[in-house]
Amino acid sequence: MENQPSPKKFLYWFDPRHRQPGTWAFILNRITALGLTFYLVLHLVVLSNLTKGAEGYDTFLEFARQPVVKFGELLVIAAGLIHGLNGLRVVLTTFGIGVTIQRQVFWMLMALAAIGTAAFAYVMFFVA
Amino acid sequence: MSHERWTVTFIVSRRKGEQPPHFQSFQLEVDPDEYVLDGVERIWAFHDRSLVFRHACHHSTCGACGMLVNGVEKLTCITPIRSVTSNGGKVKVEPLRNFPVISDLSVDMSTFYTRMEETCAPQVVPVRGSALPYEKGLFEQADPAYERLADCIECGCCISACPVAVTTPEYQGPAVLAAAQQAFSLTGHAGLLEKMDGADGVWRCHSGFECTAVCPSNVDPAWRIMDLRRKVIGRRIKRLFGLAK
Amino acid sequence: MAFSKPHIIVIGAGFTGCALAYDLARRGMDVTVIERGEIASGTSGRTHGLLHSGGRYCVSDQESAVECIQENIILRKIARQCIEFNGGLFVALTEEDAAYAPRFAEGAAACGIEIEQISPQEALRLEPNLNPKVLTVFTVPDGSFDPLRLALAFAASGRYFGAQFHPYHEAQVLVFDGQRRVKGVRVLNRTDGSTREVHGDLVVNATGAWAGKVLAGSGAQVNVTPTPGVMVAYDRRLINRPINRLTPPSDGDIIIPQRRMMVIGTTSYEAEDVDYIPVEDEQVQQMYSDAVALVPGVAGCRMRGAYMSARPLVGKGQSGRSLARTFKCFDHLEADGIDGLVTITGGKATTCRVMAEKTADLVCKKLGLSIACETHAYALRSYRDYYTPNGGRP
Ligand SMILES: Cc1cc2nc3c(=O)[nH]c(=O)nc-3n(C[C@H](O)[C@H](O)[C@H](O)COP(=O)(O)OP(=O)(O)OC[C@H]3O[C@@H](n4cnc5c(N)ncnc54)[C@H](O)[C@@H]3O)c2cc1C
Ligand code: SF4
Ligand code: SF4
Ligand code: FES
C-alpha cells in the first residue's frame, strides 16, 4: 500500500527538500561512503597492475600526474574527511555529547573538512 | 484573528476506498490568522461534505490533526495560514507519511498507539522533572506533588518525518523511543532498555534530527533517543562487569 | 441466562456516546457506535478541559454542582490516566467579587464541595504568577483533563466489553419498521462512500448540538440552539491549577493549565449553524484581557491557538419531559409517540459518566431489563487500547 513504509522508498533518503542538516549529513555520508567504496575497488585494481613490473609503475606515475587525476584524488580526500568527521558527530551524539548543539557541531566539522581539503589541494597543486 | 482577507487555494489529497489518491483544489476566502485546520474544516462544512480528516481539541493537546502542509509535518490546529502561504498562494495538505491512510487526510494510528502502550509511558507525569533536562529553570521550583499531562501528544509528526521509518515498518520510531526514555527515567524499569536495545530500536536511528525539527510539543525525540542510547550502553557495560542482571 | 443480547445503536461518539457505549456494553449489551468523524471531533474534543469541582455552580445551580463534585471524585478514580489534578483556586479581584464570597462558601458547603479559604499571601505562594491584587481566595478540588484521551478511555473500555465503534460513519436517516418504531439507521461510510442499514433494538441519539439535525424528518424532535464558546490557548504554563474568578458564572472567568499551556475560557452566545462557527477577533481580545486580569504574566505569552465549540441549548418550547434537569434525556415514545428512540444531550464532560448511567437505566427500562450500573467502581482501560487491534483484550 502506498504511504506505508517500504524498503523501496530508500530514494526518499536523497530528497533534501524540507530536511534538516542532520539529513543532509546522512545523505552526504551515504554518497561519500559509496564514493569511498568505489575508490577502494579502483585502488585495488590499480595496485594489482603494479604487480606487472616496473614499467607498469612508471606509466602509472605518469598517469597520476595529470591534473584530472589529482582532482579525483582530492575528491577522495574530501569524501574521507566528510565521512570521518560526520561519523565522529554520530558517535558523539550517541554518547550524549553535544546533542543540543548538533547542528553547530555539524557545520563546524564540515568547515573543518573544507579547510582540510583546501590544505591538501594547496599541497597537491602548488607544493608537490 | 484579524479582519484581513486572503484568497488561498487549498490543494487537498483525496482518497476513497481502494481508489488511487488524487489532489483536489478548493479556493477559499480566509482570515490569514486562522489555522490550516480551520480551512480544512471549512472545506468540509461548505464545499465538500465527503472530506475526511482527524481532529479533536483544536489547541494542540490531543495530537489528532497532524498533516503534511506544503510537504512539512504540521499540527494543523496551531499552524496559522499566514505562516505557510501568502495572499493568492497555495496550501497543499496531505496525510502524514508512514501511516496507512483511512481516507483523504486521516490515517490509522493503531500500530503507533500499540507501540506507545507497550512502553507504558504515562500521560500524567510529575511537573518537576517533566521538562527536558537541558531546559534550565523550567518548572524547577514547582511543588513535587504537582503533576501535568506529558509533552508527547502522540501526533505522529515525528514518525512521518523520520527517514528511517520511511523504509522499514519494523522501526519503533522516534515517539516510541522517546516515550521509552521518559518511562525509563520515571520508573527505572530495565525491561524497557532491553526492548529498545536492538536493530529496530535505538540503533536504527541515524541521527538526522528530523523528528525534533517537526515535533510541535517540545518532546525533542532525537535528544531522548541519544539519551536512551547512552542508558542502553551504560547497562551493557554494567552487565559486562556483572553489575546488572 | 438465556437471553439474546439486545443490540443498541448509539449515534455520536463524544463524551456522552463513548461513556454510554461503555456502560451499555458493560451491562452485557451489543453496542454499535456510529460517529461521523474521529472520536470526540464534535464539541467534546474542543472543550475547555476543566474537571469541574462544582464550585462554578454551587450558588446558581446546586443540583449541577452536586453532580459535578460526585463525578469529579469518581473520574479521579477511574480516569486518572488523563487528568492532571492539582486542585484549583477561586479568586476575588474586586470588592464586588469579594462580596460574593460568603454566598460561595455557603453554596459549596451545601453541595459538599471541600473548599478552604486561604490568605492572599498563601495563594501567591501556591501560584506565584497570580494577580498580586487578589482579595479573597478559596481552594477547590478542580482538575484539568485531556479531552480526546478522556473520550478514548471510555471508548477503549467500551471496546473491551465488545462495543463496536465505526468512526467516519455518518447516520443519514432513521429507519422505521412501518409503524412508529425505529428499527435502525441508514449509515454512510465516509471513507468509501458506501451506505448500508444497521438494525438494532433501540437507537440512542447522542449527537449533542447536532441532536436536532439528526432527527430532522423523522417525526421526532429536539429543538437545539447551538451556543458556542471561545477559548484561547497560550504557550506557557504559568500556573499549576485552574484559576476561577470568584463571581457569578460569566465570560472568560476560568484559566486552566494543560501540558505546557494555559487555556482561558469561555464565552457564550447563540449561533445558527453548528458545523462551522468562526472565532471572532473581538472574542479573542476579550479572552486575552480576562486572562491578564487573573494571571498578568499572560501578557508575556504567545497565543498558541484559538478555538470554539458549541453547547446544545435545548429550546424552551421543547415538548416532552427530560429525565433529568442537569442534562436532557428524552424517550421519544413519551415526547413524540415514536418508539425505539432515545435522545441524550447537554450536560458536561465532567458528568458524562452519570449521564450515561441514567440513559442506560432508561434503555434497560424500555427493554424490560434490570441490570445495575458498575461504571463508577472500575478504572477505565488505557485510552491507547481504543486503537489497538482487539481493544486490549488478550
Ligand atoms: C465552550 C465549551 C466549554 C466547555 N468546557 C467544559 C469544561 O471545561 N468542563 C466540562 O466538564 N464540560 C465542558 N463543556 C461541556 C462539554 O464539552 C459537553 O457537555 C460535551 O462535550 C458534550 O458531549 P456530547 O458527546 O454530548 O456531544 P459532542 O461531543 O458534540 O458529540 C456529538 C457527536 O455526534 C457526532 N455527530 C453529529 N451528527 C452525526 C451524524 N449524523 N452521524 C453520526 N455522528 C454524528 C458529532 O461528530 C460529535 O462527535 C464545555 C462546552 C463548551 C461548549
Ligand atoms: S533522529 Fe532518528 S528517529 Fe529522529 S528522524 Fe532521524 S532517524 Fe528518525
Ligand atoms: S514526539 Fe512530538 S512529534 Fe512525535 S508524536 Fe510525540 S508530540 Fe508528536
Ligand atoms: S486538533 Fe488536537 S492537536 Fe490539533
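Coordinate-derived values only; no laboratory data. Small disclaimer: the values here were computed from a predicted structure and weren't measured. Quick reminder, even Gly has a Cβ in these numbers, built from the backbone with ideal geometry, and neighbours come from all protein chains shown.
Computed quantities for the displayed model
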| item | result |
| --- | --- |
| For residues of B:228-235, the mean tally of beta carbons on other chains within 10 Å | 2 |
| Counted charge near C:Ser194, where neighbours are those whose Cβ lies closer than 12 Å (Asp, Glu -1; Lys, Arg +1) | 0 |
| Exposure proxy ranking, count of Cβ atoms within 10 Å, fewest first, for C:Leu202, A:Leu28 | A:Leu28, C:Leu202 |
| Under 14 Å from the B:Phe23 label point (7 Å along Cα→beta-carbon), backbone N, region B:77-102 | B:89-95 |
| Options A:Val123, A:Leu36, A:Leu61, ranked by Cα towards positive dipole end of region A:21-127, top entry (Cβ charges) | A:Leu36 |
| Test item: Cα-centred dipole of the protein assembly as shown, Lys/Arg +1 and Asp/Glu -1 on Cβ, debye | 2140 debye |
| At R0 = 41 Å, FRET efficiency that the Cβ-Cβ distance of C:Ile371 and C:Arg103 yields, to 0.05 | 0.45 |
| Distance between modelled label sites at C:Asp281 and B:Asp200, nm, 7 Å Cα→Cβ extension | 5.3 nm |
| Highest-fluctuation residue, B:Phe53, B:Phe139, B:Phe209 considered, GNM on chain B with Cα pairs under 10 Å | B:Phe139 |
| Distance between modelled label sites at B:Glu170 and A:Phe95, nm, 7 Å Cα→Cβ extension | 3.0 nm |
| Peptide C:300-312 - average C-beta neighbours from other chains (10 Å radius) | 3 |
| Where a label projected 7 Å from the Cα of C:Arg325 along Cα→Cβ would reach, residues of region C:46-84 with amide N under 19 Å | C:54-71 |
| Within-9-Å neighbourhood charge of C:Cys82 [Cβ basis; K, R +1; D, E -1] | 0 |
| Above-threshold pairs, the threshold being 20 Å between Cα atoms, out of B:Lys16/B:Lys92; C:Lys5/C:Lys213; C:Lys328/C:Lys365; B:Lys195/B:Lys231; C:Lys328/C:Lys366 | C:Lys5/C:Lys213 |
| Neighbour-count ranking [beta-carbon atoms within 10 angstrom, fewest first] of C:Cys373, B:Cys62 | C:Cys373, B:Cys62 |
| Electrostatic dipole magnitude of region B:22-76 [Cβ: Lys, Arg +1; Asp, Glu -1; Cα centre; debye, to 20] | 280 debye |
| Rounded tilt (10° steps) of C:352-367 against the dominant C-alpha axis of chain C | 20 degrees |
| Residues A:Val91, C:Val224, C:Val274 arranged by fewest to most Cβ contacts within 10 Å | A:Val91, C:Val274, C:Val224 |
| Of A:Ala114, B:Thr85, C:Leu124, farthest towards positive along the dipole that unit charges on Lys, Arg, Asp, Glu beta carbons give the protein assembly as shown | A:Ala114 |
| Segment C:Ile73-C:Glu122, length gained on full extension (0.36 nm per residue, minus Cα span) | 15.1 nm |
| Rounded to 5, percent antiparallel among DSSP beta bridges of the protein assembly as shown | 75 percent |
| Antiparallel bridges, percent of DSSP beta bridges restricted to chain C (to nearest 5) | 75 percent |
| Overall Cα dimensions of the protein assembly as shown, principal axis frame, Å, largest first | 109, 67, 62 |
| Cleavage-rule hits, GluC sites (Glu not before Pro), region B:162-245, DSSP coil, Cβ neighbours within 10 Å at most 13 | B:Glu170 |
| Kirkwood Rh and Cα Rg combined as Rg/Rh, chain A | 1.09 |
| Label-reachable residues, region B:168-205, where backbone N falls under 19 Å from a point 7 Å from B:Leu240's Cα toward its Cβ | B:193-194, B:197-199, B:202-203 |
| Among B:His206, B:Ala175, B:Pro122 the positive-end extreme of the charge dipole of region B:110-240 (Cβ point charges) | B:His206 |
| Magnitude of the charge dipole, region C:337-388, Cβ model with Lys/Arg +1 and Asp/Glu -1, debye to 20 | 140 debye |
| Cα principal axis extents for region B:110-240, largest first, Å | 44, 38, 26 |
| Helix-only mean residue ellipticity at 222 nm for the protein assembly as shown, each DSSP H run of n ≥ 4 adding -39500 (n - 2.57), per residue, nearest 500 | -11000 deg cm²/dmol |
| Helix B:110-119 vs. chain B, principal-axis angle (Cα, 0 to 90°, nearest 10) | 30 degrees |
| Compactness of region B:28-169 - radius of gyration and Dmax, Cα, Å | 17.4, 51 |
